[in-house]
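The values are calculated or read from the model by the stated rules, or taken from the named source; none is laboratory data. Keep in mind that this is a model prediction, so the values were computed, not measured. Every residue, glycine as well, gets a Cβ built from its backbone with ideal geometry; the counts of neighbours run over all protein chains shown. Heavy atoms of the whole protein, side chains included, go into the accessibility calculation; ligands, DNA and RNA do not. Shrake-Rupley method; radii C 1.70, N 1.55, O 1.52, S 1.80 Å.
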Amino acid sequence: MKFSKWRNRRVLALALMLALTGLCNSTEVSGRLKLKNMAMAQTEHGRELLKYLVSCALQSNVSVSFDAAGQSFEYPGSLGLVPQWSRRALTLEEEQIISACILARTNYFGKTVKLSMRNESLPALRPDESELRDFPFFEASFFGNIFKAEPERFVCIGEAKAEREKRLEALLRVCSLGPANSPSLSSPHAEPGKSRCGLTIVGYCSSKPFLQNGQDYSRSALRIYLPGD
């Protein structure tokens, strides 16, 4: 998901409506659920974010379908982090979990990159031995709440290895990096203390900077690991 998609404030306001009401109608046919509120599905940006919300929240054996802009759409679930969202509103912690998933999967270039997403409190994100072996490089932890009236988006830095910036640029994972000198990698949203994707950089994860604005995000933060050398 390209970082600009979730920066649209109207799209995020519509996402909040889904968080407060639930994603789907109660009817289900062979694992296909019907989208409850169609407002978010009316624009390309809204559909793009909706696709990732469904992927983060629901299991792989269900999908969400709807008709919009003269087309039929069907978005499959994947990670199953909050499957209950299909039938009820999100709790605060569930909002944070889905938000962390969206932030962690955001890509400045809009490219798909293989990664390992981890959180031991969520069964779906407990890595097996092969995942631990194949994805050893701790990039960053992502956390926040995109459903708030004033969205909160944070990132803390993982391993402080030499050549970290060049390595992440080569892997097309730059949302945990500060502003770049290269014009091709600089962000129009770059601000002091912000990442190239506009997230607030809150230091190294080892310092446990998960208490932000009076909210403890430690349980919902998602750690991202990337392939080794």
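List of remarks:
- Once the stretch 154-168 is narrowed to residues that are among the basic types (K, R) and touching a Leu at 6+ places or on another chain (Cβ under 9 Å), the residue that is nearest to K194 (Cα to Cα) is R164.
- Subset of the stretch 190-221 [under 17 Å from Y108 (Cβ atoms), open to solvent by less than 80 Å² (accessible area, probe 1.4 Å) and out of contact with any His (no Cβ under 7 Å at 6 or more places or on another chain)]: A190, K194, S195, R196, C197, L199, T200, I201
- Of all residues in the stretch 133-146, those that are touching a strand residue (DSSP E or B) at 6+ places or on another chain (Cβ under 8 Å) and either surrounded by fewer than 20 Cβ atoms within 10 Å (Cβ to Cβ) or among the hydrophobic types (A, V, I, L, M, F, W, C) (or both) total 9.
- Residue tally, condition assigned to a strand (DSSP E or B) and either open to solvent by 40 Å² or more (accessible area, probe 1.4 Å) or modelled with pLDDT under 90 (or both), over the stretch 27-72: 9
- Pairs are defined by a Cβ separation below 8 Å, a sequence spacing of at least 6 or placement on different chains, a first member in the stretch 153-180 that is on the phi > 0 side of the Ramachandran plot, and a second member that is surrounded by fewer than 16 Cβ atoms within 10 Å (Cβ to Cβ) and in a loop (DSSP other than H, G, I, E, B); the pairs so defined are L172/F109; L172/K111; L172/V113.
- Number of positions in the stretch 88-107 that are assigned to a loop (DSSP other than H, G, I, E, B), open to solvent by 30 Å² or more (accessible area, probe 1.4 Å) and either of a type in the set (V, I, T) or under 17 Å from L172 (Cα atoms) (or both): 1
- Taking the criterion of being among the aliphatic types (A, V, I, L, M), modelled with pLDDT of 95 or more and in a helix (DSSP H, G or I), the residues of the stretch 122-158 that qualify are L125, L132.
- Of the listed requirements (1) touching a residue at least 40 places away in the same chain (Cβ under 8 Å); (2) open to solvent by less than 40 Å² (accessible area, probe 1.4 Å), V82 misses just one: (1).
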